[in-house]
Amino acid sequence: CDVIYGGSETVTTLTSSVCPTVYTYGPFDITSASFTMSGSATAGTSAIVERGFVVSKTDSTPTIGEGAGKYPTGSGAGHFDYGNFPATASTTYYYRAYASASGCLEYGSSVTLSTSASVPVSSCNAFSASGATNFLGACSE
């Protein structure tokens, strides 16, 4: 009986200090046709090479590569926004911030934003948002 050994493989486990920490904030600058998404990322030991948002109308925890829209905003640590995201009446949007660094892809919590059947300009009742790390007072009439 012959014994056959397979080749060796190196597995690198990334420590949490390498990966960024990502936060998703509530929407603001809400109008009848758009809103602004907001987030932030803190770098680990590796620089953040891309950050932005993923958005879905069907998946409450959208991720890159699973049919969600990807909206990059740049690189580096800090606060970032994606403004004038187009909104449609009677639609639910799920979004969350993401950041990638040195083989890590991390996400913030998901935010749910729902529009009413008719979306009046600057109406607090037209939108509701949940799941945000910090709701930024989108409606201050």
Right, residue 108: within 15 Å of residue 25 (Cβ to Cβ), open to solvent by less than 30 Å² (accessible area, probe 1.4 Å) and modelled with pLDDT of 95 or more or not? yes
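For region 36-79, what are the residues that are of a type in the set (S, T, N, Q) and under 14 Å from residue 98 (Cβ atoms)?
38, 40, 42, 56, 61, 63, 73, 75
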Qualifying positions in region 30-70 - in contact (Cβ under 8 Å) with a residue 40 or more places away in the chain, assigned to a loop (DSSP other than H, G, I, E, B) and under 19 Å from residue 115 (Cβ atoms): 30, 31, 32, 33, 60, 62
Tell me which residues, restricted to region 1-54, are open to solvent by 40 Å² or more (accessible area, probe 1.4 Å), modelled with pLDDT of 75 or more and more than 19 Å from the chain's Cα centre (by Cα). 17, 31, 33, 45
Which count do you get for residues in region 61-98 that are under 13 Å from residue 24 (Cβ atoms) and open to solvent by 60 Å² or more (accessible area, probe 1.4 Å)? 5
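The values are calculated or read from the model by the stated rules, or taken from the named source; none is laboratory data. Keep in mind the model is a prediction, meaning the values are calculated, not measured. Every residue, glycine among them, receives a Cβ derived from its backbone with ideal geometry; neighbour counts consider all protein chains shown. The accessibility values were calculated without ligands, DNA or RNA, using every heavy atom of the protein model including side chains. Shrake-Rupley method; radii C 1.70, N 1.55, O 1.52, S 1.80 Å.
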